[in-house]
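Participant: This is the structure, below, for whatever I ask next.
The values are calculated or read from the model by the stated rules, or taken from the named source; none is laboratory data. Because the structure is predicted, anything quoted here is derived from the model rather than measured. A quick note on method: Cβ atoms are made from the backbone with ideal geometry, for glycine too, and the neighbour counts reach across all protein chains shown. Side chains included, ligands, DNA and RNA excluded: accessible areas come from the protein's heavy atoms. Shrake-Rupley method; radii C 1.70, N 1.55, O 1.52, S 1.80 Å.
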Amino acid sequence: MRVVEVRRYPVKSLRGESLERADVEARGVVGDRWWALREPDGKLGSGKSTRRFRKMAGLLELAATYDGDVPVVTLPDGSTWRAPDPALDEALTAYVGRPVALRQESDVEHHDEGPLHLVTTATLDRLGADGALLRANLVVDVPGIQPFAEDLWAGRELRFEDGPVLVVREPMPRCVMVGSAVLHEATRLNEGSAGVVVDVVSGGPVAIGQHVVLGDRAPAR
């Protein structure tokens with residue numbers, strides 16, 4: 001098994017960036033979803049509405065990358081803004097049609113299900129999707145594996161060569177952010193899940209080409 005994609009999303013629910021390498025800590029990929037569009041009542045911009053999140057249309061038309069530690073947001077008209085900036089907040093407010101400000105994570109976690117999301121190339125190929133569409137942090141290639149086989153890894157460790165040790169928690173439930181066609185296929189083929197939620201046992205670097213070993217079931221923590 002080896003890593004073929006490493007992805008980070010500086011702003012929750014916006015398009016992110018593909019990296020050659022990144023550092024993983026207990027919270028996940030460093031800087032991942034560290035920023036979010038926040039409403040005055042504390043709700044965060046997302047592709048769905050929950051206790052923490054509020055659905056905002058068109059967020060995937062926006063993109064964010066890091067320049068050092070500073071997120072740079074690109075709007076559909078091609079304009080770019082460095083955060084934090086009141087002018088960026090005004091532009092985002094005009095775009096989503098309600099008052100929002102781009103803010104760092106504080107008392108409300110920005111991750112939906114867990115710190116990391118991992119998926120295999122076999123699952124992506126079966127769904128006709130890519131890692132960016134599923135908003136995965138890590139895509140791994142496992143020769144000969146069947147689609148959705150990573151679901152069977154729940155409770156097992158993933159040991160990255162000279163890198164972190166992770167443990168698979170459970171299959172990742174999908175939502176409308178992946179698009180209706182992919183969501184339909186995930187529902188038809190795998191009860192609406194694709195990829196897995198992963199927790200961090202110990203941190204370290206992840207990189208393209210890095211080898212990964214699937215270990216035994218992790219000890220209870």
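Participant: Would you tally the net charge around residue 173, using a Cβ to Cβ cut-off of less than 15 Å, leaving residue 173 out, and scoring K and R as +1, D and E as -1?
Facilitator: With Lys, Arg at +1 and Asp, Glu at -1, the net is -2.
Participant: Give the calculated FRET efficiency between residue 94 and residue 48 to the nearest 0.05, with a Förster radius of 30 Å applied to their Cβ-Cβ distance.
Facilitator: 0.85
Participant: Name the residue, out of 11, 168, 108, whose mean-square fluctuation peaks in a Gaussian network model built on the chain with Cα pairs under 10 Å.
Facilitator: Fluctuation is largest for 108.
Participant: Can you give the helix-only mean residue ellipticity at 222 nm for the chain, where every DSSP H stretch with n ≥ 4 adds -39500 (n - 2.57) and the sum goes over all residues, rounded to the nearest 500 deg cm²/dmol?
Facilitator: It comes out at -4000 deg cm²/dmol, rounded to the nearest 500.
Participant: Of all DSSP beta bridges located in the range 1-155, what percent are antiparallel, nearest 5?
Facilitator: Within the range 1-155, antiparallel bridges account for around 75 percent of the total.
Participant: Could you tell me the convex hull volume per residue, in Å³, taken over the Cα atoms of the range 87-214?
Facilitator: 144 Å³
Participant: When the chain is fully extended, how far beyond the present Cα-Cα distance does residue 111 get from residue 161, taking 0.36 nm per residue of separation?
Facilitator: 15.4 nm
Participant: So how exposed is residue 111, as accessible area in Å² (1.4 Å probe, rounded to 10)?
Facilitator: In the full protein context, residue 111 sits at about 20 Å².
Participant: Using a 1.4 Å probe on the protein heavy atoms, what percent of the accessible area of the range 1-102 belongs to carbon and sulfur?
Facilitator: 50 percent
Participant: Right, another one. On the protein heavy atoms, probe 1.4 angstrom, tell me the percent of accessible surface of the range 129-221 carried by carbon and sulfur.
Facilitator: Within the range 129-221, the accessible surface is 54 percent carbon and sulfur.
Participant: Continuing with this model, one more query. With an 8 Å Cα cut-off and a minimum separation of 6 or more residues, compute the relative contact order for the range 1-50 in percent.
Facilitator: Reported relative contact order: 34 percent.
Participant: How do the peptides 140-146, 192-198 rank, highest first, by the average count of neighbouring beta carbon atoms within 10 Å per residue?
Facilitator: Packing proxy ranking, top to bottom: 192-198, 140-146.
Participant: Taking the Cα centroid of the range 109-132 and of the range 142-221, what is the distance between the two, rounded to the nearest whole Å?
Facilitator: Between the Cα centre of the range 109-132 and that of the range 142-221, the gap is 8 Å.
Participant: Apply the Kirkwood formula to the chain: the hydrodynamic radius equals the inverse of the mean of 1/r over all pairs of different alpha-carbon atoms; give it in Å with one decimal.
Facilitator: One decimal place: 17.8 Å for the Kirkwood radius.
Participant: Further question: Before I look further, what does the chain give for accessible area per residue, probe 1.4 Å, in whole square angstrom?
Facilitator: Per-residue accessible area for the chain comes out at 46 Å².
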